[in-house]
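Reviewing the structure listed below.
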Amino acid sequence: RTASAQTDLAAIETAKKAQGKTVLDMLQLARPDNFRAQWPRMQQWKEEGHAKYIGIAISGSNSYAMVAAAIDNGADFIQINYSMLEQESAERLIPMAADNEVAVITNRPFVNGQYFPLVADKELPEWAAEFDCHSWAQFSLKWILGDSRVNCAITETTKLHHAVDNLSAGLGRFPDEAERARMVTYLRSM
């Protein structure tokens, strides 16, 4: 993401070369500062065969209008913030993506660490085991992944044991809608 299309295209070529690919799998517009100018470039690069899929990545509700515009203008995927503590994207964007067959990648499952102080020193509810949940990190991630419209949840960590715990959220059963509602109610009651 620069001011120059030529510089951006050079970066794409460098990425393709580094990955040993002639076509990148995904190309995402991250933190767009001029969506109206940048999105047509993304579409052009896809048409020219630089990437199979194009999308937009944001992490805050102040950019939701751009995400909606990307969905309306041919995005293959969106990356947005979505968690039990940040559900705004489920009001319009996630349904809009589903209606347009646009993949949904979520970020900020722990709201940059704000989630963990809420659950610190609290026991995981016994009923979480019903959907194979064994930690508070998994509680958040399973809630996200239990939404059938979500294709992928991104987590961030620098610790191997946290990465293993996060990945384990993808194992076993996911909560259904009634269980997801119960999870939110439980979290809000703390």
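Laid out as a table, the results:
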item	result
Distance between the range 89-121 and the range 123-141 - C-alpha centres, whole angstrom	18
Cα-projected label distance for residue 111 with residue 88, points at 7 Å along beta-carbon direction, nm	1.2
Over the chain: helical MRE at 222 nm, DSSP H runs n ≥ 4 each giving -39500 (n - 2.57), nearest 500	-12500 deg cm²/dmol
Listed residue pairs exceeding 25 Å between alpha carbons, taken from 21/142; 21/159; 16/142; 17/46; 46/159	21/142; 21/159; 16/142; 46/159
Accessible-area ranking of 190, 96, 183, largest first, probe 1.4 Å	190, 96, 183
Proportion of all alpha-carbon pairs of the chain beyond 23 Å (%)	48
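The values are calculated or read from the model by the stated rules, or taken from the named source; none is laboratory data. Nothing here was measured: the structure is a model prediction, and the numbers come from that model. Because the Cβ atoms are built from the backbone with ideal geometry, glycine has one as well, and the counts that use them run over all protein chains shown. With ligands, DNA and RNA removed, areas are computed over all heavy atoms of the protein, side chains included. Shrake-Rupley method; radii C 1.70, N 1.55, O 1.52, S 1.80 Å.
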